[in-house]
Amino acid sequence: MTVVSRTTSIRFGAPADLDAVAAIKVANWADTYSQLIPADVLAPFLDLAHAIDDLRDSIAMADAHFLVAQDSKGDVIGFSLAYLDEEPDPWLESLHIASAARGRGVGTALLREVARAIRARARDSMRLGVVKGNRGAGRLYKRLGASLVGTEPTAWARGVDHEIYRWADLAELAGPDRNSAT
């Protein structure tokens, strides 16, 4: 477990976390994407049971790296899901923070842990897709060193595009080696 602050820590996620994680994801999709994606296209992604099933299948993949952030009470307040063996770069599938926990560095801490895991596999880059128009996410990724490298249609919804962000070198995002003397 990584302690981010006195009130937040990050650990590997487990199947027992899926209800909480899915609730965060569905709430974020409803909040963020209701203005960006047509309602009929968005509707299946707002179904909690569907989100739990999808996440269960996703975390079972061999290269899945599933992390959760929790507060001092042990409540899940965010998560990340990345595929570390994806080509041409490891792929950050999901990063979601509960709305009440935003702005406290939780997303940045999760991204740093993902970057460390990728670097531990002797890889140094990462990509992700952001639904076009999600400016807040784009600002976060740019602030943390990603570059916008293109726009393409999503594979999961007809008529929805996403912007592709990429870190060519994760060294700065990963930060100093946690095992080195400071």
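For Ser58, the conditions (1) over 23 Å from Arg112 (Cβ atoms); (2) touching a residue at least 24 places away in the same chain (Cβ under 8 Å) all hold with the exception of (1). The single condition from (1) within 13 Å of the chain's Cα centre (by Cα); (2) over 21 Å from Ala155 (Cα atoms) that Gly138 fails is (2).
State whether one or more residues within the range 144-159 are modelled with pLDDT of 95 or more and within 22 Å of Ser99 (Cα to Cα). Yes, the range 144-159 contains a residue that is modelled with pLDDT of 95 or more and within 22 Å of Ser99 (Cα to Cα). Inside the range 132-144, residues that are touching a strand residue (DSSP E or B) at 6+ places or on another chain (Cβ under 6 Å) and either in a loop (DSSP other than H, G, I, E, B) or within 17 Å of Ala82 (Cα to Cα) (or both) make up a count of 3.
So, in the range 2-39, how many residues would count as being charged (D, E, K, R), surrounded by 13 or more Cβ atoms within 10 Å (Cβ to Cβ) and touching a helix residue (DSSP H, G or I) at 6+ places or on another chain (Cβ under 8 Å)? Explain how you work it out, then say what you get.
We begin by selecting, within the range 2-39, every residue charged (D, E, K, R); these are 6, 11, 17, 19, 25, 31.
Pick out the ones that are also surrounded by 13 or more Cβ atoms within 10 Å (Cβ to Cβ) and you get 11, 17, 19, 25.
Filter once more, keeping what is touching a helix residue (DSSP H, G or I) at 6+ places or on another chain (Cβ under 8 Å): 19, 25.
Here the count works out to 2.
With respect to the conditions (1) surrounded by 18 or more Cβ atoms within 10 Å (Cβ to Cβ); (2) in contact (Cβ under 8 Å) with a residue 24 or more places away in the chain, Gly133 lacks only one, and its number is (1).
Evaluated against (1) crowded, with 20+ Cβ neighbours inside 10 Å; (2) more than 27 Å from Ala157 (Cβ to Cβ); (3) touching a Ser or Thr at 6+ places or on another chain (Cβ under 7 Å), Leu81 falls short on exactly one condition, (2).
Quickly run through the range 137-146 and pick out the residues that are within 25 Å of Leu46 (Cα to Cα) and either surrounded by 12 or more Cβ atoms within 10 Å (Cβ to Cβ) or in contact with a Leu (Cβ under 8 Å, 6 or more places away or on another chain) (or both). Steps first, answer last, please.
So the first thing to find is which residues in the range 137-146 are within 25 Å of Leu46 (Cα to Cα), and the list is 137-141.
Of everything in the range 137-146, those that are within 25 Å of Leu46 (Cα to Cα) and either surrounded by 12 or more Cβ atoms within 10 Å (Cβ to Cβ) or in contact with a Leu (Cβ under 8 Å, 6 or more places away or on another chain) (or both) turn out to be Ala137, Gly138, Leu140, Tyr141.
The set of residues from the range 136-170 being among the charged types (D, E, K, R) and over 17 Å from Asp89 (Cα atoms) comprises Arg139, Lys142, Arg143, Arg158, Asp161.
Conditions tested, residue by residue: (1) over 21 Å from Gly78 (Cα atoms); (2) among the charged types (D, E, K, R).
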residue	(1), (2)
Ala117	no, no
Ala120	yes, no
Leu144	no, no
Glu152	yes, yes
Pro176	yes, no
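Would you confirm whether any residue within the range 147-160 is farther than 20 Å from Ala43 by Cβ, out of contact with any Cys (no Cβ under 9 Å at 6 or more places or on another chain) and surrounded by 17 or more Cβ atoms within 10 Å (Cβ to Cβ)? No, the range 147-160 has no match at all.
The values are calculated or read from the model by the stated rules, or taken from the named source; none is laboratory data. Being a predicted model, the structure only gives us computed values, none of them experimental. Positions of Cβ are backbone-derived with ideal geometry, glycine not excepted, and every protein chain shown enters the neighbour counts.
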